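Each remark here refers to the structure printed beneath this line.
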Amino acid sequence: MTRIADLLGAQNTLSFEFFPPADEVAAKQLEKTLDELAGLSPSFVSVTCGVGGDGHDRTRDIVTDICRDRTFPAMAHLTCVGHTREGVAALLDDYAAAGVANILALAGDPPDGSAISGDFHYASELVEVIRDHPADFSVGVAAHPEVHPRSTNRASDRQHLAAKLSRADFAITQFFFDPADYVQLCEELADLGCQQPVIPGVMPVIWPKSIRRFADMNGSTVPEDLFTRLESMPAPDRIGAAAESAAKLSQTLLDAGAPGIHLYTLNRPEASTQITELLNL
Ligand code: FAD
């Protein structure tokens with residue numbers, strides 16, 4: 001199965017992120033979305049993981065199915081929260097046996113805001129374990145252009161990110177709306193000697209109320225004028241307008257040297273399809 005590290009550099013990547021569906025209806029919607037977005041020939045897709053219960057098993061099952069049934073690779077998100085060393089080793093064995101070649105290593109966020117429990121506390125510790133596995137996984141990590149909310153200062157945030165990224169193949173960013181934040185992140189990493197590709201994560205604002213809430217948790221700054229305009233629109237008009245503004249941001253990022261675009265789909269195909277068409281990708 002294709003490693004994302006091998007795709008980067010050869011071409012601008014186009015990727016879509018999904019989350020595991022909560023029930024049968026949502027599972028059908030995800031299948032429909034995958035069918036539609038498959039027509040856009042994504043470079044890869046990724047599937048998030050919940051931090052509790054059977055979160056990792058659900059992610060594993062979806063990623064395994066995509067890698068078996070589709071022509072594009074799927075990357076599994078893997079979090080520290082609640083994980084033991086043995087649990088991660090077993091999951092990596094499952095991924096290797098299923099031909100899954102790409103893992104995004106993350107800290108995760110405990111749902112109640114408590115400290116991270118388990119054998120791992122920082123994503124960089126997971127990166128080491130994935131690197132030590134005999135399968136030659138391509139490893140991605142998260143980056144936060146506006147600085148991670150748990151960081152005490154910008155300099156230490158960038159130093160930890162550069163150290164983590166130096167052992168990984170690439171990063172994907174949290175969503176943001178000002179391209180200057182991405183450019184500054186890349187410059188700060190370069191100043192620390194880190195040249196690994198950083199793929200910007202772009203969120204089309206199809207559900208402004210929910211995305212405001214996510215932004216609040218992530219520390220992403222919301223452009224009031226865009227959100228107010230989208231909030232006042234009927235849903236069908238909003239998808240087009242959200243796609244247009246996300247395509248504009250994506251084009252600016254590509255022009256600034258971004259190695260690809262990672263679209264947060266929220267398991268819906270419409271905005272991602274329109275953005276891809278507008279970008280002519
Ligand atoms: P880390 O890299 O571990 O950093 C967390 C904090 O610790 C930062 O402040 C960092 O500066 C600091 N730090 C790092 N290393 C050290 C060290 N050695 N000593 C002291 N401080 C240190 N969450 C999920 O639950 N499931 C998902 O599927 C998921 N997918 C995501 C996908 C993307 C593209 C992104 C950007 C985020 C995703 N998240 C997901 C959210 C992510 O788990 C949270 O943002 C989490 O709070 C931080 O994850 P991280 O991997 O960046 O953490």
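How many percent of DSSP beta bridges within the stretch 24-123 run antiparallel, rounded to 5?
Numbers: 0 of 8 bridges.
Rounded to the nearest five, the antiparallel share is 0 percent.
Placing R0 at 25 angstrom, the Cβ-Cβ distance between residue 112 and residue 216 gives a FRET efficiency of 0.90 after rounding to 0.05. In this label model, residue 26 and residue 121 are separated by 3.2 nm, measuring between points 7 Å along each Cα→Cβ vector.
Residue separation times 0.36 nm, minus the C-alpha to C-alpha distance between residue 152 and residue 254: what's the value? If you can, show how the numbers build up before the last one.
Details: separation 102, 0.36 × 102 = 36.72 nm, distance 3.04 nm.
Length gained, residue 152 through residue 254: 33.7 nm.
Counting trypsin sites (Lys or Arg not before Pro) as exposed when in a DSSP loop with at most 15 other beta carbons within 10 Å, what is the longest stretch of the chain free of them? That would be 168-281. Cross-link reach is defined here as a Cα-Cα straight distance under 27 Å, omitting same-chain residues fewer than 8 places apart; for residue 32 the lysines meeting it are 209, 248. For the chain, what class follows from the C-alpha gyration tensor (a ≥ b ≥ c being the square roots of its eigenvalues): rounded when a/c is under 1.5, otherwise prolate if a/b is larger than b/c, else oblate? Rounded. With a Förster radius of 41 Å, plug the Cβ-Cβ distance of residue 71 and residue 235 into 1/(1 + (r/R0)^6) and report the FRET value to the nearest 0.05. After rounding, the FRET efficiency stands at 0.80. What residues from the stretch 11-54 fall in the zone where the backbone N is under 15 Å from a label point 7 Å along the Cα-to-C-beta line of residue 277? Taking a point 7 Å out along Cα→Cβ of residue 277, the residues of the stretch 11-54 whose backbone N falls under 15 Å are 36-41. The helix-only estimate of mean residue ellipticity at 222 nm for the chain, built from DSSP H runs of length n ≥ 4 each weighted as -39500 (n - 2.57), is -14500 deg cm²/dmol after division by the residue total.
Distance between the pseudo-spin-label points of residue 128 and residue 97 (7 Å out from Cα toward the beta carbon): 2.7 nm.
Rank-order 217-224, 95-102, 75-82 by packing density, defined as the average count of other C-beta atoms within 10 Å over each peptide's residues, highest first. Mind dumping the intermediate values first?
On the way: 217-224: 14.4, 95-102: 18.9, 75-82: 24.1.
Final packing ranking: 75-82, 95-102, 217-224.
Each peptide among 169-179, 5-15 gets the average number of other Cβ atoms lying within 10 Å of its residues, and from highest to lowest they stand as 169-179, 5-15.
Quick note: the coordinates plus some simple rules give every number you see, no bench work behind them. Quick caveat, the model's predicted, so the values are computed rather than measured. Cβ coordinates were reconstructed from backbone atoms using ideal geometry, including for glycine residues, and neighbour counts include every protein chain displayed.
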